[in-house]
Amino acid sequence: IRTIGTYQLYDFDIKESNALKGILALGVVLSHLQIFCLKPHDYPIVNQFPVFAQVGVFFFISGYGLVAAYQKKGMDYLHGFLKHRLNKVVLPLVLATSIYTIEKEMFFSETGGVKSDTILPFSWFCYVIIIYYLAYYNSLRLTKSISVTIILLLTLTTICYFIMGNYLKFGDWWY
């Protein structure tokens, strides 16, 4: 426990952050499922915390963990970073996209399934995570400064991301 002024700050370890990210991810999944399966008034708990806020908190916690890990390990943190991080996103994305594509062809070939900007509906966040992992890694390698990296990541990458999304005419949920 650390005290700043009259506030007490508690350490936020990886188990706690992963548990919270799991709860947030489950909330997002439930929110998306209600589009197809539920009547929102039957399950008001799902609608209590808007999806965009859940996603924003998820990304914030993820970014907090990246910065904390870098501050703890320094430049050694970058060794194997891309392989470790991207495998956790790319492999499940490829598997889920493959299963969805096969399922879509078997059961929804005439109706077309769900409309989406990506092959796998609701997977936009995987692409965003990949973009930000690459930006974080390259920013740290170039600058070797977490402060400059955060500024680069939060400004340049975000500006480029918005321009790219606008140019490619992505849906509002990408933002």
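The values are calculated or read from the model by the stated rules, or taken from the named source; none is laboratory data. Everything numeric here is computed off the predicted structure, so don't read it as measured data. Don't worry about glycine lacking a Cβ; one is built from the backbone with ideal geometry, like all the others, and counts go over all protein chains shown. Just the protein is used for accessible areas: all its heavy atoms, side chains included, with ligands, DNA and RNA removed. Shrake-Rupley method; radii C 1.70, N 1.55, O 1.52, S 1.80 Å.
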**Request:** Scan the stretch 54-75 and report the pairs whose first residue is under 16 Å from Tyr133 (Cβ atoms) and whose second residue is of a type in the set (Gly, Ala, Ser) and surrounded by 15 or more Cβ atoms within 10 Å (Cβ to Cβ), with Cβ atoms within less than 6 Å and a gap of 6+ or a chain change.
**Result:** Ile61/Ser17; Gly65/Ser17
**Request:** Output yes when any residue across the stretch 123-133 is at pLDDT 75 or above, open to solvent by 50 Å² or more (accessible area, probe 1.4 Å), in a helix (DSSP H, G or I) and closer than 18 Å to Phe81 by Cβ, and no when none is.
**Result:** yes
**Prompt:** Given Leu30, Leu26, Leu38, which one is modelled with pLDDT under 90, open to solvent by 60 Å² or more (accessible area, probe 1.4 Å) and either among the basic types (Lys, Arg) or over 23 Å from Tyr132 (Cβ atoms) (or both)?
**Reply:** Leu30
**Filter result for Val55 (within 16 Å of the chain's Cα centre (by Cα) and modelled with pLDDT of 80 or more)** = yes
